1. In the set Ile524, Ile519, which member is closer than 20 Å to Ala549 by Cβ, touching a residue at least 24 places away in the same chain (Cβ under 8 Å) and touching a Gly at 6+ places or on another chain (Cβ under 9 Å)?
2. So if I check each of Leu41, Leu83, which one is modelled with pLDDT of 75 or more and surrounded by fewer than 23 Cβ atoms within 10 Å (Cβ to Cβ)?
3. Considering only strands (runs of 3 or more DSSP E) fully contained in region 286-377, which possess at least 1 residues that are at pLDDT below 95, more than 29 Å from the chain's Cα centre (by Cα) and among the aliphatic types (A, V, I, L, M)?
4. Which of the residues belonging to region 695-710 are in a strand (DSSP E or B) and loosely packed, with under 11 Cβ neighbours inside 10 Å?
5. Considering (1) exposed (fewer than 15 other Cβ atoms within 10 Å of the Cβ); (2) closer than 30 Å to Ser191 by Cβ, say which one Ser257 fails and leave the rest.
6. Within region 482-525, track down each residue that is in a loop (DSSP other than H, G, I, E, B) and either surrounded by 24 or more Cβ atoms within 10 Å (Cβ to Cβ) or hydroxyl-bearing (Ser, Thr, Tyr) (or both).
7. Take the residues in region 86-96 that are part of a loop (DSSP other than H, G, I, E, B) and touching a Phe, Trp or Tyr at 6+ places or on another chain (Cβ under 9 Å), then tell me which one is modelled with the highest pLDDT.
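The values are calculated or read from the model by the stated rules, or taken from the named source; none is laboratory data. Given the structure is predicted, the values throughout are model-derived calculations rather than measurements. FYI the Cβ positions are ideal-geometry reconstructions off the backbone, even for glycines, and counts take in every protein chain you see.
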Amino acid sequence: MKNVLAFITVLAFFTVNSQTKVLYLENNTGIIEDNLGSVTLWENQVSGYGNATQSNIALGGDKLLETYPGKVNVGFSKDGSFLELEGSNTSISDNTYSVFYVGKSENVQTGKPASLLGNYDMSEGFSKCYGIRFIRLQDGKIGFDYARPNYTRVNIGTNEIPANNYFFFGFSIDASGNYKYFDSTSPIITSGTITNTMRVNTNENLKFNVFEEVAGAQTYNHTEVVELTMYDGTLDETAFQNEYNRLATEYAELVISEFSITKIAPVDDDFREGIPVNSPIVITFDKDIDETSDYPKVFINKSETDASGNWVLSPSNVLTFTPTENWPFRSLVTLKIQEGLKSTTNAIIGLANRDTYNFIVDAEETFEFETYQLAEPIAVIDYVSRTGENIVGHKLPIKITTPVIDENTTEKFPVHIFVHGGGWQGGSAETSSADYSLHKDYLAKSLGIVTLSISYRCVGSGGTYSYAEEDVDRAYQWAIDNAETYNLDMTKVFFSGGSAGTPLAAMASQRLPNVLGYIGFNGIYDFVNDGGDYGAGNWYKQDVPSESANSAIFHLSDNPPATILMHGDADTTISHNQSIRFADAINAAGGEAEVIIYPGEVHSFFSRGKTSHEDALYEMSNFMSNLLSETLSISGLSGETENKIMAYPNPVKNGDKLKIHLNSNFTSEKVQVQIINNLGQIVLNNAMDVDSNTIILNIKGFEKGLYFLKIETNPMSQTLKFIVQ
């Protein structure tokens, strides 16, 4: 047992105690980034012990906002990245210690062991290794490696840890090699004996995430750490059991039930969008089902009335629901598992992870679609980065998801511009990144909407908030310039954004022309009030020229576009009050805004695989579809409503003719036509003849840009926007 612990900067004395906590790296707390977004310090929450540190910025971790629901953790995606535990050498040197780990090991693609905690340097072979290492093995079990003159591995776990997912485990060992172990797959605590303890080395600190292997390709470094706890000694049975109880309570969704769902059809578990109207729901379980227990419930479009249909149990571990009638087109189908569902062995279904699954049904008419990134960037920029570096030839890519078009396609498609989140991280000096919209496939297939997943300069590419706004405008202008090539209808534009993308998308929707609607997910619209981490400091220069200048809530247009905002009330990254107040401001300004608050949902609630992903997409697609139905189709003049006018083509090229179609209630032989540019100057003001409810204007000599077309005839007046290319 240890009587004295020596630290790098502190010398402290402890009485002999086998249950002294010396390390607690807590999620949400003490994760420190440098000004380039690299985590080089995770502060220990136990006073008197060293921190987790990394002196090399290039090998630091990444601060991850709620990749684990409700938690902020540290991820490692760089080659060889790790954090070192200061002072841990003295805590493991006599082989009496306890470790409790919560995290994720992405081990699907390589199929090789992935290190969770260890410090093996393979440059001189296993015989020269010091320290310990916990790893997830190829078969999914947890192994424990320890170094001595001959390297040894012991399989301490008996159950398979889920690949590419979060889990927890606990391990406690005494000086004789007797150990106890548990993990999130089972409440059963196993024990064993390691016959040879590791080589003592008081000069080697533990590292977590990676064990060092000099041969580059053998360095496994794709983990996320949610929390790490360490005791200076072996825990007794009660204390060890208490640690399991603590983790099983705090991370209840990770405890694998002995009775659970293994698959839900008709589509992949993470992609339940666009199911056929006649598709049954098929649930496969890992145990046989008691046919007398409570079967799941099915609802349509958030109704509280059960959907009509029949459940069939066949084979004994598969339940199939077939609706009496086809699902309604574009409906939301909700499957809710009942607590009373049991197996034939009387096991209760595990619902800690989730009890609700949603599906979205295809539209009546669907489009074939394709997704690709343009071979050439939409812009190449020279600029001075946020750190004063001269950047030359920086590239802004764009990704497109569009209904398939060919030489016979005449239809123009509405445009959805997605501004990605990610904490304004990412990118490089050479290029920014364009993250795909989560909703692009369904919007293209079921609504015929083109999604432009755009890029902007983030911290990693020397960006600032102002630079990002410029890049969003560049993407919009690119869409105008290339509307004919890609069959884009730039009179019907939607903006959407998630998290850090929301202030950029919201500002653009108020600033740019022809925006029908804005969709915001867990957004921030006011950096001045209740802005949290995003509103504090100037690490992205979000306070240049000022916080208020970059806050959409203070810059609503005279006619704010229709808006729908979705937010979880358990979001610890951005307060849901941001969405509530922004919606209130739009409504007060004469616009129409709706806010949907999802109880218990956290920051990443709308991501694929999350419980509310399909629900949020259903609300988004209905919002967009309803707005489109209120506008006229520029291809066939269908869907006319009273008091509407339409100008086409829009955008129109300089020198071409602009046709203005009037509805039948414009009965005058002459109407007053006025065109105003974006500076408010009247460039045309004439009384013009009406021929069969159509006026033809020759657009010649007009500069490129946005114009307002005003039609007046007693007693009506109508105004719309059009663009000259």
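1. Ile524
2. Working: Leu83 fails: surrounded by fewer than 23 Cβ atoms within 10 Å (Cβ to Cβ).
When all the criteria are applied, what remains is Leu41.
3. Correct list: empty, since no element meets the threshold.
4. Of all residues in region 695-710, those in a strand (DSSP E or B) come to 695-698, 705-710.
Of everything in region 695-710, just one residue is in a strand (DSSP E or B) and loosely packed, with under 11 Cβ neighbours inside 10 Å, namely Asn698.
5. Unmet condition: (1).
6. If the condition is that a residue be in a loop (DSSP other than H, G, I, E, B) and either surrounded by 24 or more Cβ atoms within 10 Å (Cβ to Cβ) or hydroxyl-bearing (Ser, Thr, Tyr) (or both), then Thr485, Tyr486, Asn522, Gly523, Ile524, Tyr525 are the ones that fit.
7. Taking region 86-96 as the starting set, the residues that turn out to be part of a loop (DSSP other than H, G, I, E, B) are 86-87, 93-96.
Going one step further and asking which of them are touching a Phe, Trp or Tyr at 6+ places or on another chain (Cβ under 9 Å), we end up with 86-87, 95.
Details: Glu86: 90, Gly87: 85, Asn95: 75.
Here the answer is Glu86.
Table: residues versus (1) over 38 Å from the mean Cα position of the chain (by Cα); (2) modelled with pLDDT of 85 or more; (3) over 30 Å from Gly422 (Cβ atoms).
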residue: Tyr598; (1), (2), (3): no, yes, no
residue: Met624; (1), (2), (3): no, yes, no
residue: Thr631; (1), (2), (3): no, no, yes
residue: Pro649; (1), (2), (3): no, no, yes
residue: Gly655; (1), (2), (3): yes, no, yes
residue: Ile660; (1), (2), (3): yes, no, yes
